[in-house]
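The values are calculated or read from the model by the stated rules, or taken from the named source; none is laboratory data. Keep in mind that what you see is a predicted model, and the values were worked out from it rather than measured. With ideal geometry, Cβ positions are generated from the backbone for all residues, glycine too; neighbour counts draw on all protein chains shown.
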Amino acid sequence: MKSKVVAILETRTGEHLGELVARRGAIPMLAPALDPAAVTALLEEWRAHPFKMVIFQTGVGTRGLFQATDALGTTVELLDLLSHARVVVRGPKPTGELNSRGVRMDVRAPTPFTTDTVLAAIADIPLEGTRVLVQRYGATNAQLIKALEARGATVQEIATYRWALPRDIQPLTALLDALAAGKVHAVVFTSAVQVQHLFEVAATQQRALGLPGLLNGLIIASIGPVCSRALAAHGVTPSFEASPPKLGPLVAGLETALAAPASGEAGGGSSVAGEAAPGLGSD
């Protein structure tokens, strides 16, 4: 790994991961792809002032919430908070996302899955003095908010489509510049949302089209199957996937991949496959 540039998109443990990489002689390039502030603030508020009802309106928004907590390592906490709330679901798409996470659903709005059917489904539930969290459906659902407040509820909305993108995207832009200049040897992805955000920033700069080609010429380290699927969906083939999906095996696999003759110079490509090398254990 000596003198090899390794891009790291992790936020929560990015510095620690960078230290592990640096100990092996590589040069870490930190480009955080997640802003933990919004998610962390929501969970802190939720703990202090519990929401008694949570209304999920869309599949993509529900998935975005869990992707954010996955990346921050707080999904267990989110699931615990949901277990103490009444969960209301609008439509089959958020139902599928919640089922995949093992979330108990208390109320499911009937077809055609409109605001009116959501309100009808919860008409018999007392809401006076109840804190209600609403996952936003595009723009603010004024009809839903007004109806809930008219029944005495205190309502808070969350918008989970873009909320985890860092406010400062300069490190991601610098990474895109370095990739285009052939100055990066490997990129480490530790969550699916990092993939999404890197391509989102690239798209705003008209760089998304060529990004898969640039990444496929490098060592691409994936923490696990969910992350690998996100990469594949954007046309990127991981060089290897950590097994088990933990930090230690990920760094071990990275060390092995960069030491292989096929890794070559920056942008030189890699044919490394399989699991992470043993020896480091998990962090």
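Per-residue answers, yes or no, for (1) assigned by TED's automatic domain parsing to the domain that holds Glu15; (2) more than 27 Å from Thr74 (Cβ to Cβ):
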| position | (1), (2) |
| --- | --- |
| Ile125 | no, yes |
| Gln135 | no, no |
| Ala147 | no, yes |
| Val184 | yes, yes |
| Val188 | yes, no |
| Ala208 | yes, yes |
| Ser222 | yes, no |
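When you scan the range 160-180, do you find a residue that is among the acidic types (Asp, Glu), free of Cβ contacts under 8 Å to residues at least 40 places away in the same chain, part of a loop (DSSP other than H, G, I, E, B) and under 28 Å from Thr75 (Cβ atoms), even just one?
Among the residues of the range 160-180, at least one is among the acidic types (Asp, Glu), free of Cβ contacts under 8 Å to residues at least 40 places away in the same chain, part of a loop (DSSP other than H, G, I, E, B) and under 28 Å from Thr75 (Cβ atoms), which makes the answer yes.
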Self-check item: Matching entry among Arg207, Arg229 (being out of contact with any Asp or Glu (no Cβ under 8 Å at 6 or more places or on another chain), among the basic types (Lys, Arg), under 20 Å from Asp70 (Cβ atoms) and surrounded by fewer than 24 Cβ atoms within 10 Å (Cβ to Cβ))
Solution: Arg229
Quiz item: Out of all the residues in the range 205-213, is one or more closer than 23 Å to Val251 by Cα, without any contact (Cβ under 8 Å) to a residue 60 or more places away in the chain and either assigned to a helix (DSSP H, G or I) or in contact with a Pro (Cβ under 8 Å, 6 or more places away or on another chain) (or both)?
Solution: yes
Quiz prompt | Failed criterion for Thr95 (all others in (1) surrounded by fewer than 21 Cβ atoms within 10 Å (Cβ to Cβ); (2) more than 26 Å from Gln170 (Cα to Cα); (3) hydroxyl-bearing (Ser, Thr, Tyr); (4) at pLDDT below 90 hold) | solution = (4)
Exercise. Evaluate the range 65-80: report whether one residue or more is of a type outside the set (Phe, Trp, Tyr) and more than 30 Å from Val201 (Cβ to Cβ).
Key: yes
Quiz item: Which of the residues belonging to the range 105-139 are outside any loop (DSSP other than H, G, I, E, B), free of Cβ contacts under 8 Å to residues at least 60 places away in the same chain and in contact with a helix residue (DSSP H, G or I) (Cβ under 7 Å, 6 or more places away or on another chain)?
Solution: Val107, Arg108, Ala109, Thr115, Leu119
Quiz item: When the residues of the range 77-92 are filtered to those that are of a type outside the set (S, T, N, Q) and in a helix (DSSP H, G or I), which remaining residue is surrounded by the fewest Cβ atoms within 10 Å (Cβ to Cβ)?
Solution: Asp80
Quiz item: Looking at the range 39-76, which of its residues are surrounded by 15 or more Cβ atoms within 10 Å (Cβ to Cβ), modelled with pLDDT of 90 or more and not hydroxyl-bearing (Ser, Thr, Tyr)?
Solution: Leu43, Trp46, Phe51, Lys52, Met53, Val54, Ile55, Phe56, Gln57
Practice problem: Name the one entry in Thr62, Thr95 that is in a helix (DSSP H, G or I), within 14 Å of the chain's Cα centre (by Cα) and of a type in the set (Ser, Thr, Tyr). | Solution: Thr62
